[in-house]
Structures are given as C-alpha cells and as structure tokens.
1. Could you work out the relative contact order of the stretch A:13-290? I mean the mean sequence separation of Cα pairs under 8 Å and 6+ apart, divided by the number of residues, in percent.
2. So for the protein assembly as shown, taking the charge dipole from beta-carbon charges (+1 Lys/Arg, -1 Asp/Glu), which of B:96, B:72, B:228 sits furthest toward the positive end?
3. With the full set of protein chains in place, find how many percent of the accessible area of the stretch A:28-129 is carbon and sulfur; take the probe as 1.4 Å.
4. Taking both sides together, what accessible area is buried at the A/B interface, probe 1.4 Å, expressed in Å² and rounded to the nearest 100?
5. I need the peptides A:208-220, B:15-27, A:52-64, A:98-110 ranked by packing, meaning the mean over residues of other C-beta atoms within 10 angstrom, with the highest value on top.
6. What part of the accessible area of the stretch B:2-73, given as a whole %, is carbon or sulfur when the probe is 1.4 angstrom?
7. Using only alpha carbons, build the gyration tensor for the stretch A:30-81 and give me the equivalent ellipsoid semi-axes, biggest first, whole Å.
8. Using only Cα atoms and rounding to the nearest 10 degrees, what angle (0 to 90) does helix A:259-283 make with the longest principal axis of chain A?
Amino acid sequence: MTYLPSAFIPRDGLSAFLARALASRSFIAGFIVTALIALMALVSFFWTPDDVTKLVVGDRMLAPSAAHWFGTDHFGRDVLSMIMVGSRNSIAVALVAVGIGMGLGVPLGCLAAARGGWLDDFVMRFNDVVFAFPALLSAVMITAVFGPGAVNAIIAIGIFNIPVFARVARAGALAIWPREFILAARAAGKGKTRITLEHVLPNIATLLLVQGTIQFALGILAEAGLSYVGLGAQPPMPSWGRMLFDAQTRMMVAPTQALFPGLAIMITVLGLNLLGDGVSDALDPKLRRRR
Amino acid sequence: MIAYLAQRLLVAAATLLAASLVVFAMLEVIPGDPARLMLGMNATPDALEALRNEMGLNDPLPVRYLDWVAGMAALDFGRSYTYSVPVIDLIVERIVVSLPLALISLALSVVIAIPAGAFAAQRRGRAGDALSMGAAQLGVAIPNFWFALLLIYLFAVWLRLVPAGGFPGWSAGIWPALKALLLPAVALALPQAAILARVTRSALIETLGEDYVRTARAKGLPFGTVLWRHALRNALIPVLTIVGLQFSFLLAGTIIIENVFYLPGLGRLVFQAITQRDLIVVEGVVMLLVATVVAVNFLVDISYAVVDPRLRAR
C-alpha cells in the first residue's frame, strides 16, 4: 500500500505540525508503543531477566510464573529474555531493509520525476516488473538461492522496498515540480540536481517518513514469516518467527509459548502503523477529518 | 477503449518478458548440476554427458532461455529433476489445493470487508466506526501465520471441530476437503479483510462528499440507499485495485500458511523444490504466479473501464 495524501507539506511550519501530532491519539499511542519496543531492544544489550544462551534442561517448557514471566521454551530458556533479544533481530532486519528501499528507491523516483521522458517510463516499468513478483515468494526464492540467514532476509525484503519508495518519491516530487518556488529556483539558475536536493527532498521528507513506518511494519511481518519457515535468522540467534515455529510443534504441551512471540510482533506492527497514521494525520488535517 | 486495452496488454507482455529474464538469470547462478542430481553420485561421465545433451544443458545460455520460454508458452514447463515427471503435472496436482484456498480467502475477505467498511463509513466518528476500524488496525498487525496457530489451537486442538492440518484430497468428498481449507482460508483472509475494510471506508467517505450524493439526499433518498446504491459503486475503483493486488498476495501468501497447515499446495511444492534443488519446478511455479499477477492486474485495468464509463470513452 502506498500513502498519498492530497497535501503533504505542513504549510504552517514544524511547531504547528508537532502541536497537531501531539493532539492525535494515534500518534501518541504509536509513539509510546514504538519507543517502548525500541527501549526493550536497547535494554536487551545490557540486561535480560535470564541468559538466552543458558540451557536448563530441568526447566523445560515451564508455564509462566514469577521466576519466568512468559515461561520457558523447549531448551529451558526464558521466553521473555528471548523476546527481548529477538526484538533486535526484527528491528535490525526491517530497518536496514527500509534503508535499502529508501537509499535506492528515493533517488530513482526523484530522478524519474526530474528528468521525465524515457527515463521516467523506464523507472516505472522497472517498478511494474518488481511488483509482478509476489513479494513473499521472491523473498523465499532469494533466501533459498543465496542461503538462509538474517543478511539475505534483509536483502530479500529490501529489494521489494525499492519500487515502493521510488513510486512514492516520484509521485511526491511530481507534485512539487510545478510549484512557484521551484520556478523561482530555476530562474535563479539552479540545476535539476540541486533543486531536487534543496527543494524537492525536504518537501517530500515527511511523505517518505510515513511510508517508511508502513514499510518498517511490513518488514517486521515479512521477517517473522521468513524466520518462521526457517529462512530468516538462524538458531541460536533468537527470532520471533522462529520462536513461533518451535512453539507450534509443542502446542499440545505448552500452548502459552505460541502466545508471547506473536503478541510481540503484533504490538510492534500496531505501534508502527499507529505512528504512521498519526504523522499523516498531523501532516494533513483535511485528511484527518475524513478518517 | 481499444487503444487503452492495447496499451495495457503491451505493458503486461513486457512485464512478463522482463520477469522471465530475472527468474532465469537468478536460478542460473545457483550451483549444482541437474544431470548429476537426476542420475546420482555414481553416474558415469558418459551417462552424465548424454543426459546433459538430451536435456539441452550444454546449449548456450540464450538458446536455453528461448527453449524454456517457448516451452512455457505451450504450457510445457519441462521435467522435474527429482520426480522425472512433467512439471505441469506437479503444478496441476498442487494448484487444486492452492487456487481454491486463495479464492475462498478472497471471497471471505470481500464478504467481511465491504460491509464492515460501509458500516464504518455510515457511522463515521461514532462508536461503530471506532470499533470496526480498531479491529481493522489489529487485523493488519496480526501476522497471519500466528493467527493460524491460534485458530488451530482453538478450533482443532481445543474444540476439535476441524482437522489441525493436512488435506484429504478432493476425492475424499467436497465437505472434508473444504473443512481442511477452512482454517487456512480464514487465517489468510483476516489481514486482507482488514486492509480492504480500511480502503472501502476511506473511498466511501470520499465519495460521500461528492455533489451527487448531496443531490440524492436532497431529493429525499434515505442515507442508507445513497450509501449502498450510489456511493459504493463509485467507490469501487480503489477497492477493486486492492482486491486485484490481494489475489496475487493470497496465492503467494499460501506459501507460509500451507506450511502451517501441511497443505500439499503450490507453496509447499516450491519449498520442497528449493530444498531439493529442483530448479525447473521453482522456475515453473514462480513464472506461473508472476503470470497470474500480470493477468489479474490486466483484468483490474479492464474492470476500471467497466466500472468507470469515462475510461471507456478514452
């Protein structure tokens, strides 16, 4: 899904934008949830309730208790600690994949918008080709060809972010180019590259930010799916998808194990989506009334 | 209209061509010799060489690519390296699981989402709106394979209403087969329904602001009639686009869901083929899915013209 509001420049400046953002319930809820998840990932570097590399055979598949809030897995590892450490993997994969998508897609989209003509056609057709591949299928194919693992999962997810950002950047830039201040810049003798960098990019930055949160959320879901089928991060590195796979085979004995990693994924994705909704509301008050 | 169709058809053909090049090139870089895979480690060099010649593996790359594409145009996807049967047979055997699954989930998604979206639009800003859109937010955020696990636990392990996995085959009767597809279809449909409900709602709210809606209301039509008769039809374009996109997503989405439920569909076939290095099967299935996406997008383009007479005049 791509997000294209009718107007995406906060016309009344940053402080008014922030005021509107803080008035948006979606933004506040999304910001708090996202911040908490990020905090959890950071804390996991210094402290977890238990050591995730410690296998305690005697403590296998315990139900949630005071000692192990979320219970333990089939190796006796503390599930809460594994979820904390696993968040690093999810966030890193999704974040770098967004970075790849933005890093390659935004220049492509801006170039297409600035030059137009055959180059524009070429970029758009390239997008069509990538979009013709069902993303998940190709991610499976890529990780299968180049081997499973977190790095290849990043590449597989990142490739599909490229056309998304190219499309959003192009659409945004195309709406900026006919504006008067661009004409003024051209009259002042600035070249297309300089105009793109100095005038177009800052004006579509918020638009890209909203799409970024959407792709971030989708990346978390995709990474979880890939790890679930064994193509993402490899054990012993904890990952949410892998934890769900392990839990599935033991669902009869320890049903709660399948609960917490799934909740972690859902809450993270929910937080990011709310954040994105909140930012777009604040950018475009007209749109909010429609929501 | 003709020009519009011709242009869309050309784009579709070019996309397919480019996609075939990508798939061929990508699988070409995988190490491994199909001839050795078929004959085993003890094969004599002569036998290997003979098989390679027979399979055309010694031909130059462009020739092999053209052979492959020409074969696919005639629905001949080659022979599986591991099973030594035509790839098309494997695909047909599996597609009778994946296609009904995707169609059932698509139907579920539409049946849930359009009324839910319309309901929310009708009660905009009120409790019903907040409730259904809150549910949609949750639906988008839930990973479908996790939702599938919860469904298995609730309906198969706990209530014992449906099997937890596996597929009895259509020969076992329509009902047992449908029962096996029910949970996977629900799991696949939920996130799609959530997305579609949001799109339906915002498209409807946009059309509800149009002048003809005010006219219809002014001449005394009840709000419900205006919404369902006039606004919904005009809001269909974005909804159709998403439905089209979702069909391909659902076909590919089966790849993970089929693994959750141990369903012998296309997704499992690709998976097994990848682990067995049966690349010709992977190529065949991927191209089939890409062709489906391209075909569906083309159909969506045509349906725009059907829904929106302004496009027909172009």
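The values are calculated or read from the model by the stated rules, or taken from the named source; none is laboratory data. Here the structure is a predicted model, which means the values were calculated and not measured. Glycine gets a Cβ as well: all are built from the backbone with ideal geometry, and neighbour counts include every protein chain shown. Ligands, DNA and RNA are stripped out before the accessible areas are found, and what is left, the full protein with its side chains, is counted by its heavy atoms. Shrake-Rupley method; radii C 1.70, N 1.55, O 1.52, S 1.80 Å.
1. Relative contact order comes out at 28 percent.
2. B:228
3. 75
4. 3900
5. With the highest mean Cβ count within 10 Å placed first, the list reads A:208-220, A:98-110, B:15-27, A:52-64.
6. Percent of accessible area from carbon and sulfur atoms in the stretch B:2-73: 68.
7. Over the Cα atoms of the stretch A:30-81, the semi-axes work out to 25, 12, 7 Å.
8. 20
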